[in-house]
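See below for the structure under consideration.
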Amino acid sequence: MKRIIKIIKKVMLGFGIIVGLLIIIGILFVNLSPQFGGKASNKQELAYSKSANYKNGKFINLGEISMKMSASDMVKAFSGMLKKIPNSKPGQSIEVEQLDSTALASYTSKTRVIWFGHSAFLLQMNGKNILIDPMFGDVPAPHPMLGSRRFNEEKPISIEQLPNIDAVLISHDHYDHLDYESIKKLRHKVSHFYTPLGLGNHLLAWGISEEKITELDWWDSVSFQDLTFTSAPAQHFSGRGLTDRDKTLWCSWVIQSDTENIFFSGDSGYGKHFKAIGDKFKAFDFAMIECGQYNELWSEIHMFPEQTAQVGLDLNAKTIMPIHWGAFKLAQHSWTDPIERVSKKAKELNIKMVAPKIGEPLTISETPQTINDWWKNYE
């Protein structure tokens, strides 16, 4: 019996040492890895406190709506991530449209967008190249072992082959929208970065000079040559580490020229803010709207596909494009569920919707009336 007790004690001691080492490694990783970005200074926090969207040291949603998950909800969410979901990923790597770097750099014609999957875009407008949420990484996590890989093995173009970028717009600081490695590769190609309040500190920590960063509060607008960028409300949250929840703001973006209005939703739950944006800007020629990674457990901060279609009406959008799908598995639904459900609802509501392939250039004024169901090739 004494021998058994000794063995048990040694096993427990060994287990305790392993757990302790893992905790130490985790703490070192969080504190030393550049992936987690930067933090606001006391002076910056004082400035942020003047925002109507900042309370008790954190940014808030309109009506202080937040994702409220009980302990049992968190268990459900975690167990759901471990549960095998039918058709959660394509049966094979998604084929993408390859882009020619020379043709891309010389393009100066009509406004067009090129989708890189999920929420990453190149917008070519008025002869300018604008990147939106440029996440080019393979895994939306601080380490490759902590997330699932992208659905497409190849990308339409590498960051190195991209033309010089006039502006980058970033909606919030989550890993599937703000990627350290992508920013590191982009930083010498970009003239200016535009972010919601607080997010610029991540860029500063990653070597972007302060004069190349502009932070905006909701409804703030800034002129960029012959374009106007407006940071508009979204209903979401932020944070990259264990202790920085809601320390940076999140937003949607309105991009305007003299002749066109374009909307990018970022991540957002459904709310009255969409109608407010539609009322303020009257109508949109093209709206890129979140559609994917939803669940009843976090419905406050991610929309369901039927709500995506409704947002098109709220915004008075001529054409909508569902985004935030087609690249990563981040929720417990099949990978085609978002596009199938939003397609059905858009048809019911008589909303014009497009769903291009990854890498396929889409001219805003010439969007097709029909949808090529390319995703059905991977079921």
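The values are calculated or read from the model by the stated rules, or taken from the named source; none is laboratory data. Treat the numbers as computed from the prediction; the structure is a model and nothing was measured. Methodologically, a virtual Cβ is constructed for each residue, glycine included, from the backbone with ideal geometry; neighbour enumeration extends over all protein chains shown. Quick note on the areas: whole protein, heavy atoms, side chains included, nothing else; ligands and nucleic acids left out. Shrake-Rupley method; radii C 1.70, N 1.55, O 1.52, S 1.80 Å.
Here are a few things to note about the model shown:
- Any hit, segment 231-241, residues being over 30 Å from Q332 (Cβ atoms) and of a type in the set (S, T, Y): yes
- Residue check for S268: open to solvent by less than 10 Å² (accessible area, probe 1.4 Å), in contact (Cβ under 8 Å) with a residue 40 or more places away in the chain, hydroxyl-bearing (S, T, Y) and assigned to a loop (DSSP other than H, G, I, E, B): no
- Residue count for segment 44-83, restricted to those that are outside any loop (DSSP other than H, G, I, E, B) and modelled with pLDDT under 90: 12
- Per-region count, segment 227-267, residues basic (K, R) and on the phi > 0 side of the Ramachandran plot: 0
- For segment 185-199, taking the residues that are more than 18 Å from N53 (Cα to Cα) and of a type outside the set (F, W, Y), the one that is most open to solvent (accessible area, probe 1.4 Å) is identified as H188.
- Which numbered condition K280 fails, given (1) more than 24 Å from S66 (Cβ to Cβ); (2) of a type in the set (K, R); (3) touching a helix residue (DSSP H, G or I) at 6+ places or on another chain (Cβ under 9 Å): (3)
- Per the listing V254, V222, the residue uniquely crowded, with 20+ Cβ neighbours inside 10 Å and in a strand (DSSP E or B) is V254.
- Hits in segment 206-219 - residues which are crowded, with 17+ Cβ neighbours inside 10 Å and among the hydrophobic types (A, V, I, L, M, F, W, C): W206, I208, I213, L216, W218
- Any hit, segment 10-33, residues being modelled with pLDDT of 60 or more and outside any loop (DSSP other than H, G, I, E, B): no
- In segment 288-307, the residues that are within 21 Å of I60 (Cα to Cα) form Cβ pairs under 6 Å with partners that are surrounded by fewer than 18 Cβ atoms within 10 Å (Cβ to Cβ) and among the acidic types (D, E), at six or more places apart or across chains, as follows: L297/D73.
- Residue pairs meeting the criteria (Cβ under 9 Å; at least 6 apart or on separate chains; first part of a loop (DSSP other than H, G, I, E, B), in segment 165-177; second among the basic types (K, R)): D173/R240; D173/K247; H174/R240; Y175/R240
- One residue stands out in segment 102-120 among those that are of a type in the set (S, T, N, Q) and open to solvent by less than 40 Å² (accessible area, probe 1.4 Å): the one that is nearest to L330 (Cα to Cα), namely S119.
- Of the residues making up segment 160-179, those that are acidic (D, E) and crowded, with 16+ Cβ neighbours inside 10 Å are D166, D173, D176, D179.
- For segment 281-294, taking the residues that are over 20 Å from L362 (Cβ atoms) and in contact with a Phe, Trp or Tyr (Cβ under 9 Å, 6 or more places away or on another chain), the one that is surrounded by the fewest Cβ atoms within 10 Å (Cβ to Cβ) is identified as F281.
- Test: residue in segment 161-169 that is modelled with pLDDT of 95 or more and touching an Asp or Glu at 6+ places or on another chain (Cβ under 6 Å): no
- Residues of segment 300-332 that turn out to be surrounded by fewer than 24 Cβ atoms within 10 Å (Cβ to Cβ) and β-branched (V, I, T), as a count: 2
- Residue ID - surrounded by the fewest Cβ atoms within 10 Å (Cβ to Cβ), chosen from residues in segment 121-159 that are closer than 29 Å to K89 by Cβ, of a type in the set (G, A, S) and free of Cβ contacts under 8 Å to residues at least 60 places away in the same chain: S158
- Total residues in segment 204-236, condition touching a His at 6+ places or on another chain (Cβ under 8 Å) and in contact (Cβ under 8 Å) with a residue 24 or more places away in the chain: 6
- Of note, I351 does not satisfy the criterion of being modelled with pLDDT of 95 or more, open to solvent by less than 10 Å² (accessible area, probe 1.4 Å) and of a type outside the set (K, R).
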